[in-house]
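The values are calculated or read from the model by the stated rules, or taken from the named source; none is laboratory data. Keep in mind that this is a model prediction, so the values were computed, not measured. No Cβ is skipped: glycine too gets one built from the backbone with ideal geometry, and neighbour counts run over all protein chains shown. Only protein heavy atoms, including side chains, enter the accessible area calculation; ligands, DNA and RNA are left aside. Shrake-Rupley method; radii C 1.70, N 1.55, O 1.52, S 1.80 Å.
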Amino acid sequence: MSGAALGLEIVFVFFLALFLLHRYGDFKKQHRLVIIATLLAWYLCFLIVFILPLDVSTTIYNRCKLAANSSPAESNGSYVTLAPSKQKCFKPWSYIPNGIMPIFWRVVYWTSQFLTWILLPFMQSYARSGGFSITGKIKTALIENAIYYGTYLLIFGAFLIYVAVNPNFNLQWNQLQTIGIAAANTWGLFLLVLLLGYGLVEIPRSHWNGAKRGYLLMKTYFKAAKLMTEKADAEENLEDIMEEVRKVSESIKYNHPLRKCVDTILKKCPTEYQERMGRNMDDYEDFDERQNSYPSEKSLVKLHKQVIYSVQRHRRTQVQWQILLEQAFYLEDVAKNETSATRQFVHTFHSQEPENKIIQYFYTPTVEWYWECLLRPWFYRVLAVVLATFSVIVVWSECTFFSTQPVLSLFAVFIQLAEKTYNYIYIEMACFLTIFFLSICVYSTVFRIRVFNYYYLASHHQTDAYSLLFSGMLFCRLTPPLCLNFLGLTHMDATISHKNTQPTAYTSIMGSMRVLSFIADGFYIYYPMLVVILCIATYFSLGTRCLNLLGFQQFMGDSEMTSDLIDEGKELIRREKRKRQRQEEGENRRREWKERYGNRDDSTRNRVAHTDQKESSFSETNTNRPLSKYTRSNGRTERDRIELLQDAEPLDFNADSINDDPLELDSGR
């Protein structure tokens with residue numbers, strides 16, 4: 001079992017990252033390198049979070065083993081442990097042999113740093129570039145990242161000069177490595193506290209508000225009004241871009257040197273626009289360089305970039321609008337079914353996607369009614385209380401984790417109590433729940449934030465390549481300081497506990513932060529206390545109010561703008577609901593018509609086919625009969641024609657209806 005736990009977690013985390021990436025990315029349309037790079041970044045960050053509790057339990061066992069093998073005098077001097085006669089070391093079920101974890105952390109950490117500082121920024125600029133060749137995209141990416149790389153080198157140079165000027169330090173490779181790690185972790189910790197302060201308050205509050213049906217419905221109406229505005233803006237922007245593409249396509253003919261670039265742009269356009277432009281284009285006209293002024297390649301690169309962005313935005317708003325409609329319809333159904341006497345959930349519209357038969361068997365309308373109308377609100381309230389309790393513990397521990405005598409950090413107290421009894425299952429579960437909650441608070445904020453239209457993680461495969469790569473960069477920069485902060489909260493970091501004990505394998509890879517004392521003893525300890533101020537600001541929605549004052553409409557219950565947008569969204573949802581009801585009624589009428597007259601139509605067709613077959617056989621036999629018989633049968637058919645003409649209704653004659661043009665006659669008919 002020593003390596004089984006590590007292997008199982010490696011496999012599980014891979015499929016978890018793959019599932020999340022499939023939810024937000026699009027494997028069919030996006031470039032494979034973008035998918036692989038984002039998957040690797042997410043996978044490494046999630047892997048660090050899941051493997052770190054195993055490192056903690058293995059370190060505690062190694063400390064016990066070292067203390068048991070040492071004498072009591074050495075135990076009081078080198079290791080702060082009990083005497084060997086008073087303790088017994090039990091190997092944990094998830095024990096990892098020595099030498100594996102340092103290599104594992106070294107590979108994972110430096111791979112993630114290479115991704116976040118070098119590869120992902122370059123791929124981000126490459127994916128956003130509108131160049132028509134690989135060389136052009138690489139050149140654009142290098143130019144855009146020159147300032148970015150220069151800024152990082154400037155920060156690293158400042159730390160290097162500080163160490164070189166200080167006479168107490170001798171420049172060595174390990175110290176230079178520590179300076180680089182410190183610079184990266186300082187940037188990550190600065191952003192980590194901002195995201196953590198928001199998530200510690202917003203996650204419990206969102207679950208508490210999730211139990212309020214009226215609140216969710218009003219917020220959905222508000223989102224519908226905002227999304228409709230964004231959807232209309234995306235459609236208008238796409239129309240403008242397609243008009244420019246049409247003009248360029250008409251001006252640059254088939255034998256122009258830049259025609260290949262225009263064809264590349266046309267392939268990125270929606271299908272209906274491609275067909276429309278293809279009908280209105282005459283490729284048999286030669287271009288004349290003297291008479292017309294043609295766009296340059298640089299302008300075509302810019303247009304190509306705009307086409308990619310506008311098409312992606314238009315597609316995303318269309319999908320999000322359909323998802324929001326389904327959510328609004330479902331919340332309205334929940335509000336109607338709350339007063340149902342039959343206690344069976346009734347949907348206004350049937351699901352457009354085929355449901356699983358197993359889910360239909362167990363999740364019956366009665367079970368759905370009890371869950372949605374009775375159990376789910378209480379479940380969300382209890383979950384919100386539990387999450388709020390965790391948030392309070394985290395805030396308290398962030399403000400007191402530097403105190404070692406007495407130990408005030410609650411997470412450190414829990415780990416030390418379990419360490420005395422060597423209850424490794426409890427240690428790993430406590431560590432996992434702690435770092436998992438911290439990760440949820442930070443990572444969920446990354447998934448929620450939106451930087452205008454440049455960075456936005458949209459579910460249902462609607463996230464563009466730029467946002468996926470940017471999220472991978474954020475995860476790789478936030479995860480190492482998050483793990484160091486967790487080790488500080490549990491006093492597993494020797495820099496915080498001030499004990500000469502064996503460090504964890506993860507801390508040994510990070511190096512001793514004593515090289516930069518003002519960071520180790522100042523910034524890393526006192527800066528996390530700002531999470532209290534950020535939590536208070538998030539609780540009173542100060543950021544939301546500031547954005548609302550700047551003109552960015554936010555959902556606020558006491559705002560007139562919010563009320564107007566809610567009314568507008570309610571009217572939009574009502575309009576879409578009537579439209580879908582008319583569509584379903586039309587489909588039901590057509591289905592009833594087919595069920596009622598389908599057999600009759602089939603029998604009529606069979607009768608007509610049988611009659612035609614008889615007439616054809618009759619005509620064949622008549623060719624071999626005498627002329628008199630043929631004349632008699634012809635007279636019989638003539639009498640049938642006369643009877644049919646007598647049964648027909650007379651037509652009114654109108655001289656104005658006579659027209660020699662057959663097209664106009666067809667249209668009039």
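Report the far tail of the P(r) of region 334-419, meaning the percent of Cα-Cα pairs longer than 15 Å.
Details: 2659 of 3655 pairs.
The share of Cα pairs beyond 15 Å in region 334-419 comes to 73 percent.
How much FRET efficiency would the formula 1/(1 + (r/R0)^6) give for ILE155 and VAL413, where r is the Cβ-Cβ distance and R0 is 30 Å, rounded to 0.05? Show your work: numbers first, answer last.
On the way: r = 37 Å, r/R0 = 1.23.
Efficiency computed from Cβ-Cβ geometry: 0.20.
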Using a 1.4 Å probe and ignoring any ligands, DNA or RNA, find the accessible area of HIS498 and quote it in Å² to the nearest 10. 120
Residue separation times 0.36 nm, minus the C-alpha to C-alpha distance between LYS420 and TYR370: what's the value? 13.4 nm
Estimated distance in nm for a label pair at THR400 and GLU250, the labels positioned 7 Å out from Cα along Cα-to-Cβ: 7.5
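Tally Lys and Arg at +1 and Asp and Glu at -1 over the other residues with C-beta under 15 Å from the C-beta of PHE50: what net charge comes out?
Working: positive: none; negative: GLU9, ASP55, GLU428.
Local charge sum for PHE50: -3.
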Filter on LYS28/LYS305; LYS223/LYS579; LYS219/LYS305 - keep pairs with C-alpha separation over 24 Å: LYS219/LYS305
So what does TYR61 come to for accessible area, using a 1.4 Å probe and Å² rounded to 10? 20
At 7 Å along Cα-to-Cβ for each site, give me the label-to-label distance between GLN581 and LYS298 in nm. 5.8
Förster radius 30 Å - calculated FRET efficiency between VAL532 and TRP378, Cβ distance, rounded to 0.05: 0.45
Percent of all Cα-Cα pairs per 10 Å bin for region 183-256, counting from 0 up to the last occupied bin, reads 15, 18, 20, 21, 16, 10, 1
Tell me, in nm to one decimal, what length is gained between LYS267 and THR348 on full extension, where the rule is 0.36 nm per residue of separation less the Cα-Cα distance? 25.2 nm
Alpha-carbon Rg with Dmax, taken over region 380-419, Å: 12.1, 39
Potential lengthening between SER563 and ILE525 on full extension [0.36 nm per residue; Cα-Cα distance subtracted]: 9.3 nm
Residue by residue through region 25-36, the couplings from Karplus 6.51 cos²θ - 1.76 cosθ + 1.60 with θ = phi - 60°, in Hz, x for Gly and Pro, are x, 10, 5, 7, 9, 7, 5, 5, 5, 5, 5, 5
